[in-house]
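Peer 1: Pasting a structure below so you can have a look.
The values are calculated or read from the model by the stated rules, or taken from the named source; none is laboratory data. Worth saying up front: this structure is predicted, and the values here are computed from it rather than measured. Cβ: placed from backbone, ideal geometry, glycine included. Neighbour counts: every protein chain shown. Note: areas computed on protein heavy atoms with side chains; ligands, DNA, RNA excluded. Shrake-Rupley method; radii C 1.70, N 1.55, O 1.52, S 1.80 Å.
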Amino acid sequence: MHIKIFVMATIHIKNVGPLRDTGEVTLNKLLLVIGKQSSGKSTFMKVLCHCRWIEKTLMVDDDSHASDYGQGREFMNSLMTFHRFNVDFFSAESYIKYDGDYITIEQQGNESEAIITRKASFESKRYNTKLCFIPSERNLISAVKNIDKAYKATELDVLLNYLLEWDEVKDFYGRKNPLSLSVAPLLYYNDGGADFIYINNNNKQLPVFYASSGVQSAMPIEVMIDRYSALVGKRASISKHDWRHIFDEMKDSEMSQDALVSKVGKAYYQSVQFFIEEPEQNLFPMSQKDLVLNIVSHLVAVQGQQSSMVVMTTHSPYVLSVVNELMAEARLDAANWHTPIAGADDFINHKCLMPQDSYSAFFINGSGTFEDLIDRDLPMVSGLQLDGVSDWVEERIAQINKFIYG
């Protein structure tokens, strides 16, 4: 199976929070960011998500809104408000350069205006995409009753937006169409006026409030991944006024074919982008594997006109191991494509199969810079930076044995 690879966007961040210099990071279909606590993983993902969101906004909104984020400090203000950044995260040395699909954003310092430029292909190629940020606080919807009413925010921020998106997707799954959870095959999610986990083996319903912490953490990821992936190719959530505006323009016989495609393209989701913080939270290693495979299978299944992507931050060596296995399957598929290998096609999990260059992984070191973790000769993701504990244990046990046995 071979998937079309689109020209990838890039982002470069300097001196934002704990990040000193990321270098130019290519936004592949699956991007992993690894690092210690407070190393800047979430900072990177939030800045990236904000840039992607502004690009989406400019692609689908009327021209009257196109310059809003390039005026004053609107780019910085909206970034800090939505993603809850402290003003101290930015300084005169801060720098953000986003080279997107159809726009570029450049922010120098913390006081100047952002320079937002449309690429030559913007007008004819702009499209609509569905973005979804799934924060580490996602289990609040299960662990805290009536969190949607208890959480108060004076402005729309990432957590309030997540609660609104959860309210949007959860109603889709009822008793007649529950969603099977990959992390617990006997459990199904459905919404029956309240959130329930349907237990398959004895036909009982358990409120998610009483479910295990692992189920509470993984369930929102699985529901949002499933629902929003299914929206690709479907009509986007736009107002009747916007629809009328699109169709009125379509009646214009002088409209070029490129312009017509652009107008219609805005009305339908052509890709989906997920930003997931620490998917492994509270999960047994095999459940982490099942969840990652579920995420990747949805990414592969999305057949939009634009490239979809998943960005994940993680501490887990098991997440890296699953990605390495998938990259090995991609190598096997490539070899089998050139010279058929007996049994190879049956062995490969085609639901999760992407080309080798669909993956990227970076480690944020102690100095706040990015290290590319993919060994291009193998290729595979190196886990040396993540699993230093094993080396520590090995060395300590060797020393202890010297004391005991001389």
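Peer 1: First measure r as the distance between the Cβ atoms of SER38 and TYR405, then evaluate 1/(1 + (r/R0)^6) with R0 = 45 Å and state the FRET efficiency to the nearest 0.05. Display every interim value, and only then the final one.
Peer 2: Working: r = 41 Å, r/R0 = 0.91.
About 0.65, to the nearest 0.05.
Peer 1: Measure up LYS46/LYS176; LYS14/LYS119; LYS36/LYS125; LYS119/LYS170; LYS130/LYS289; LYS29/LYS149 against 30 Å on the Cα-Cα distance and list the ones that go over.
Peer 2: Working: LYS46/LYS176 36 Å; LYS14/LYS119 23 Å; LYS36/LYS125 39 Å; LYS119/LYS170 37 Å; LYS130/LYS289 25 Å; LYS29/LYS149 36 Å.
Over 30 Å Cα-Cα: LYS46/LYS176; LYS36/LYS125; LYS119/LYS170; LYS29/LYS149.
Peer 1: For segment 13-26, take each phi angle, set θ = phi - 60°, evaluate the Karplus expression 6.51 cos²θ - 1.76 cosθ + 1.60, and give the result in whole Hz per residue in order, putting x for glycine and proline.
Peer 2: 10, 10, 6, 10, x, x, 7, 8, 6, 7, x, 7, 9, 7
Peer 1: Pull up all non-local amide H partners of PHE362: gap of 5 or more, or a different chain, and H-to-H distance under 5 Å with H placed in the peptide plane.
Peer 2: The answer is LEU32, VAL33, ILE34, LEU373.
Peer 1: Just going by the charge dipole of the chain, with Lys and Arg at +1 and Asp and Glu at -1 on Cβ, which of THR104, ASN282, ILE374 is farthest out on the positive end?
Peer 2: Selected residue: ASN282.
Peer 1: Once the Cα atoms of helix 257-267 and of the chain are each reduced to a long axis, what angle between those two axes, in degrees from 0 to 90 to the nearest 10, is obtained?
Peer 2: That works out to roughly 60 degrees.
Peer 1: To continue, here is another question. Going by alpha carbons, how many degrees (0 to 90, nearest 10) lie between the helix axis of 285-301 and the longest principal axis of the chain?
Peer 2: Tilt of helix 285-301: around 30 degrees.
Peer 1: Given the whole protein assembly as supplied and a 1.4 Å probe, what does the accessible area of ASP375 come to in Å², nearest 10?
Peer 2: ASP375 exposes around 60 Å² with every protein chain in place.
Peer 1: Now, a different point. What order do TYR228, TYR318, TYR188 take when sorted by accessible area (1.4 Å probe), most exposed first? The partial results should precede the final answer.
Peer 2: Numbers: TYR228 0, TYR318 110, TYR188 55 Å².
Ranking TYR228, TYR318, TYR188 by accessible area, largest first, yields TYR318, TYR188, TYR228.
Peer 1: How much solvent-accessible surface does TYR210 expose, in Å² to the nearest 10, with a 1.4 Å probe and all protein chains in place?
Peer 2: Using a 1.4 Å probe on the heavy atoms, I get roughly 140 Å².
Peer 1: Output the antiparallel fraction of DSSP beta bridges having both residues in the chain, as a percent to the nearest 5. Walk me through the intermediate numbers first.
Peer 2: Working: 35 of 58 bridges.
Among the beta bridges of the chain, antiparallel pairing accounts for roughly 60 percent.
Peer 1: Roughly to the nearest percent, how much of the accessible area of the chain is carbon and sulfur, given a 1.4 Å probe?
Peer 2: Details: 10470 of 19870 Å².
Whole-percent figure for carbon plus sulfur exposure: 53.
Peer 1: Then there is this: Select one label from (i) 0.99; (ii) 1.06; (iii) 0.95: the one whose number is Rg/Rh (Cα atoms, Kirkwood Rh) as derived from the coordinates shown.
Peer 2: (i)
Peer 1: Have a look at the DSSP beta bridges in segment 98-216 and tell me what percent are antiparallel, nearest 5. Kindly include the intermediate steps, with their values, before the conclusion.
Peer 2: On the way: 17 of 17 bridges.
Antiparallel bridges make up about 100 percent of those DSSP assigns within segment 98-216.
Peer 1: Quick check for me: using +1 on Lys/Arg Cβ and -1 on Asp/Glu Cβ, what's the dipole size of segment 277-406 about its Cα centre, in debye to the nearest 20? Mind showing how you got there, number by number?
Peer 2: Details: 6 positive and 18 negative charges, 23 e Å.
In total the dipole reaches around 120 debye.
Peer 1: Using alpha-carbon pairs under 8 Å, 6+ residues apart, how would you state the relative contact order of the chain in percent? Write down the numbers at each step before the final one.
Peer 2: On the way: 676 pairs, mean separation 85.2, N = 406.
Relative contact order of the chain: 21 percent.
Peer 1: To continue, here is another question. ASP21's amide H: which non-local residues (gap 5+, or another chain) put their own amide H closer than 5 Å, with H modeled 1.01 Å from N in plane and none for Pro or chain starts?
Peer 2: ASN15, THR369, PHE370
Peer 1: Now a separate question. So what's the angle, to the nearest 10 degrees on a 0 to 90 scale, between helix 213-229 and the longest Cα principal axis of the chain?
Peer 2: On a 0 to 90 degree scale, this one is about 40.
Peer 1: Could you rank ARG376, ARG73, ARG126 by how accessible they are, 1.4 Å probe, largest area first?
Peer 2: Values: ARG376 145, ARG73 65, ARG126 10 Å².
Putting ARG376, ARG73, ARG126 in descending order of accessible area: ARG376, ARG73, ARG126.
Peer 1: Give the accessible surface of the chain per residue, rounded to a whole number of Å², with probe radius 1.4 Å and ligands, DNA and RNA excluded. Please report the intermediate quantities before stating the final value.
Peer 2: Details: 19870 Å² over 406 residues.
That works out to 49 Å² per residue.
Peer 1: Heavy atoms only, probe 1.4 angstrom, no DNA, RNA or ligands counted: give me ILE295, ILE199 ranked by accessible area, highest first.
Peer 2: Values: ILE295 5, ILE199 40 Å².
My answer, sorted largest first, is ILE199, ILE295.
Peer 1: At 1.4 Å probe size, with no ligands or nucleic acids counted, give the accessible surface of ASP167 in Å², nearest ten.
Peer 2: So the heavy atoms of ASP167 present about 80 Å² to solvent.
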